[in-house]
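Just below is one structure, and these are the notes that go with it.
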């Protein structure tokens, strides 16, 4: 019994590790939002926040970008991260859209 239990535990840990790594790889390979995407156009998404049309989006203020938005799901140092506003597609951490909400 001991060897079966040990084998089961080792196998379980291996499978769990593989699933976790493949999920990370999938997230890293997720599609990136383009400015031509219909949702991106509707939300005024720009891959580079410094190029936001300030006349059209008066809510925009310098220093606002996806990397410091509460919706951004990447790490602070990640150049791209998932965003629920775009169905989990990746946005540039330097980007901006009208759904911007400052992280607490």
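Read-outs: derived from the displayed coordinates by stated rules, not from any lab. Values in this document were obtained by computation on a predicted structure and should not be read as measured data. FYI the Cβ positions are ideal-geometry reconstructions off the backbone, even for glycines, and counts take in every protein chain you see.
Side notes on the structure shown:
- Most tightly packed first, judged by the mean number of other beta-carbon atoms within 10 Å of their residues, the peptides 84-91, 33-40 read 84-91, 33-40.
- Nitroxide proxy distance, nm - points 7 Å out along Cα→Cβ at residue 104 and residue 57: 2.5
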